[in-house]
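The values are calculated or read from the model by the stated rules, or taken from the named source; none is laboratory data. Bear in mind that the values here come from a model prediction, so they are computed numbers and not experimental data. Note that each Cβ is placed from the backbone with ideal geometry, even for glycine, and that neighbours are counted across all protein chains shown.
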Amino acid sequence: MRRSWSLLIVILLLSAVSYVVMNYLDNRHFVATDNAYTTGDIITVSSRMEDIVLWLGAEEGDYVEAGQALVKLDGGTSRSALNRAQSQLARAVQEVAALKQKVKRRQAEVIEYQAAHALAKNEAERRKTLAKKNMISKEELDMSVLRMAVTAAALNTARQALAEAEINATSLPIAQHPDVKQAAVGVRGYSSDLNKSKVVAPVSGHIAKRFVSPGDIVKVGKPLFQLVQLNKVWVEANFKETKLRNLRLGQPVTITSDLYGEEIHYEGRVIGGGTGTGAVFSLLPAQNATGNWLKIVQRVPVRIELVGDTVREKPLPLGTSLHVSIDTSQRDGLQLNQTPKATPIDVSGVYAYWKADGQAMVDRIIAENLPVGSQP
């Protein structure tokens with residue numbers, strides 16, 4: 001009986017030792033921390049002009065699509081400025097068209113003075129021939145020579161006036177004349193300002209904060225909303241520097257959250273190693289050169305991308321507390337990214353409406369103010 005108990009105790013001890021050894025061998029490839037949180041881009045939507053809010057299109061917690069209108073401002077100042085710019089463009093087109101007509105008038109004057117000068121020159125030549133034969137008086141000859149000189153001077157003046165008119169009118173089409181182009185810039189600019197009275201969401205996401213109400217007078221750059229994209233969050237895990245020796249990009253990560261408990265697991269992968277400890281980027285970095293320095297184990301932030309469908313089915317609000325465990329058994333990757341980002345983030349298409357209709361408005365005003373038969 002005693003021998004049986006002794007054998008049982010030996011077996012239990014061996015099992016315990018085996019469990020400890022296997023657990024150690026298994027866990028030495030993992031690093032874990034509870035100092036991890038969900039983070040993501042907090043996108044601030046602001047106004048490009050000072051105006052009064054007439055309409056509000058979203059509330060906190062609402063989901064909005066990229067390009068969806070969030071706020072509509074009065075736009076009265078921009079509308080008045082656009083009306084003035086339209087009038088200036090119309091006047092510029094009319095004035096340039098008048099300059100083009102002046103060129104034609106100057107050309108006709110040159111032709112007229114050329115004919116008059118040619119007639120006066122022929123007459124003076126005939127008078128010189130008759131004077132040699134004493135068939136006319138010297139006074140009559142002098143008058144013909146004087147008329148030839150006068151018409152030559154008038155022709156020269158007409159040619160100079162034509163050159164000046166051509167400089168002012170240029171050889172460019174009316175729409176390409178500098179005065180018209182300058183006025184067109186004003187129309188497009190104020191049209192864009194008027195379009196900016198509608199403030200839209202730059203990306204699809206949820207409204208996290210609302211800072212504006214109908215009737216408020218907003219300033220340029222004043223935050224109106226804050227948006228978050230819960231489908232594009234990532235994890236920032238702060239590991240002790242002593243745990244990062246075997247960390248590599250691409251290593252798999254298992255994540256649990258305090259929000260959903262250990263029953264829900266998220267999958268991830270390491271996409272960025274830290275480039276500095278938290279102390280380095282703090283508001284008041286530690287001065288280690290002081291005499292009262294104490295060595296403290298630092299923490300380095302590691303960026304982890306969430307993969308799979310779990311994050312869509314169980315979204316994680318920003319700031320959610322997480323437990324992170326990284327499998328470091330694969331150690332053939334890099335510790336830091338060495339190549340630029342291949343797919344930059346571009347939201348310029350969302351703001352294309354700023355320039356919408358501006359050029360069409362310019363073309364319409366030019367066409368309406370051209371003389372009949374004129375080319376734009």
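Structure notes:
- Within the range 138-150, at least one residue is small (Gly, Ala, Ser), in contact (Cβ under 8 Å) with a residue 24 or more places away in the chain and farther than 30 Å from Pro173 by Cα.
- All of Asp327, Asp357 fail the test of being surrounded by 11 or more Cβ atoms within 10 Å (Cβ to Cβ), acidic (Asp, Glu) and over 29 Å from the mean Cα position of the chain (by Cα), apart from Asp327.
Residue-by-condition table, conditions (1) charged (D, E, K, R); (2) modelled with pLDDT of 90 or more; (3) in contact with a helix residue (DSSP H, G or I) (Cβ under 9 Å, 6 or more places away or on another chain); (4) surrounded by 13 or more Cβ atoms within 10 Å (Cβ to Cβ):
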position: Val187; (1), (2), (3), (4): no, yes, yes, yes
position: Val212; (1), (2), (3), (4): no, yes, no, yes
position: Gly215; (1), (2), (3), (4): no, yes, no, no
position: Val220; (1), (2), (3), (4): no, yes, no, no
position: Trp234; (1), (2), (3), (4): no, yes, no, yes
position: Thr242; (1), (2), (3), (4): no, no, no, no
position: Gly261; (1), (2), (3), (4): no, yes, no, no
position: Pro285; (1), (2), (3), (4): no, no, no, no
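- Scanning the range 263-281 for residues that are among the charged types (D, E, K, R) and free of Cβ contacts under 8 Å to residues at least 24 places away in the same chain returns a single hit, Glu263.
- So Gly75, is it at pLDDT 90 or above, surrounded by 16 or more Cβ atoms within 10 Å (Cβ to Cβ), within 30 Å of Phe211 (Cβ to Cβ) and out of contact with any Gly (no Cβ under 8 Å at 6 or more places or on another chain): yes
- Cβ-Cβ contacts under 9 Å between residues 6 or more apart (or on different chains), taken from a first residue in the range 357-373 that is at positive phi to a second residue that is polar (S, T, N, Q) and surrounded by 12 or more Cβ atoms within 10 Å (Cβ to Cβ), are listed as Asp357/Ser191; Asp357/Asn195.
- The set of residues from the range 49-65 being farther than 14 Å from Arg210 by Cα and buried (at least 17 other Cβ atoms within 10 Å of the Cβ) comprises Met49, Asp51.
- For the range 298-312, the count of residues that are at negative phi and among the small types (Gly, Ala, Ser) is zero.
- Residue in the range 195-204 that is surrounded by fewer than 19 Cβ atoms within 10 Å (Cβ to Cβ), of a type outside the set (Gly, Ala, Ser) and closer than 20 Å to Glu305 by Cα present: yes
- Failed item, numbered, when Lys219 is tested on (1) in the same structural domain as Glu50 (by TED's automatic domain parsing); (2) without any contact (Cβ under 8 Å) to a residue 12 or more places away in the chain; (3) among the basic types (Lys, Arg): (2)
- On inspection, Val180 fails the criterion of being out of contact with any Asp or Glu (no Cβ under 8 Å at 6 or more places or on another chain), in contact (Cβ under 8 Å) with a residue 12 or more places away in the chain, farther than 30 Å from Gln359 by Cα and not small (Gly, Ala, Ser).
- Residue match in the range 337-353 (condition: in contact (Cβ under 8 Å) with a residue 40 or more places away in the chain, touching a Ser or Thr at 6+ places or on another chain (Cβ under 6 Å) and within 26 Å of Val187 (Cβ to Cβ)): no
- Scanning the range 78-109 for residues that are over 18 Å from Val362 (Cβ atoms), of a type in the set (A, V, I, L, M) and buried (at least 17 other Cβ atoms within 10 Å of the Cβ) yields Leu99, Val103.
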